[in-house]
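Following: one structure in C-alpha cells, then a few remarks.
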Amino acid sequence: MKSNKYFWLVPIVVVVTVFSVIGVAHLFNPQSVGEQPSNAGYLRKTIGLITDAPHATAELFYSTIENVVFLVAGLAWGKRIWNKEHKKFDEEHGVKH
C-alpha cells in the first residue's frame, strides 16, 4: 500500500517543485525567465531555458517517457534472460514443473 502512495506522491512533488522554482524565478528576475535572445550570455540563456515553463514541462515529460521505455526494455530483457537461466537450471538439476 505504501508503494502505491509513493507512485503518485513522487511525481506530484517533482512537478510542484519545478513550477515553484519557475514561479520564484518570475518573482525575483522576470526579464531572465523564458527563452533568451541568441546574443544573451551562456548563463542567462541556461537560466532562461530552465525557467521556461513549456521547455521545463517538455523536458519532464520526455524524460519520463524515455525512462519508461528503458525500464520496460530492461525488464523484458531481464525476464528473457531469467527464463533462459531458469530453464537451464531445471535441465541441469532434473527439476520438472
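Nothing in this text is a laboratory measurement; each read-out follows from the coordinates by a stated rule. This is a predicted model, so every value here is computed, not measured. Neighbour counts run over all protein chains shown; Cβ positions are idealised from the backbone, glycine included.
Based only on Cα atoms, what mean projected area does the convex hull of the chain have, in nm²?
On the way: hull surface 42.1 nm².
Average projection, Cα convex hull of the chain: 10.5 nm².
Can you tell me the 0 to 90 degree angle between the C-alpha axis of helix 53-93 and the longest principal axis of the chain, rounded to 10?
It is inclined by approximately 10 degrees.
Distance between Cα centroids, the range 54-97 to the range 1-50: provide it in whole Å.
Comparing the Cα centres of the range 54-97 and the range 1-50, I get a distance of 31 Å.
Between residue 64 and residue 83, with labels modelled 7 Å along Cα→Cβ, what's the label distance in nm to one decimal, could you check?
3.0
For the range 2-93, what is the relative contact order in percent, using Cα pairs closer than 8 Å and at least 6 residues apart in sequence?
Working: 38 pairs, mean separation 16.5, N = 92.
Dividing the mean separation by the residue count of the range 2-93 yields 18 percent.
As an exercise, identify the trypsin sites (Lys or Arg not before Pro) in the chain lying in DSSP coil whose Cβ has no more than 10 other Cβ atoms within 10 Å. Before the final figure, lay out each step's value.
Numbers: sites: 2, 5, 44, 45, 79, 80, 84, 87, 88, 96; in loops: 96.
Taking the chain and a limit of 10 other Cβ atoms within 10 Å, the loop trypsin sites (Lys or Arg not before Pro) found are 96.
So what's the back-of-envelope 222 nm ellipticity for the chain, counting only DSSP H runs of four-plus at -39500 (n - 2.57) apiece and dividing by all residues, rounded to 500?
On the way: 3 runs with 78 residues, N = 97.
Calculated mean residue ellipticity at 222 nm is -28500 deg cm²/dmol.
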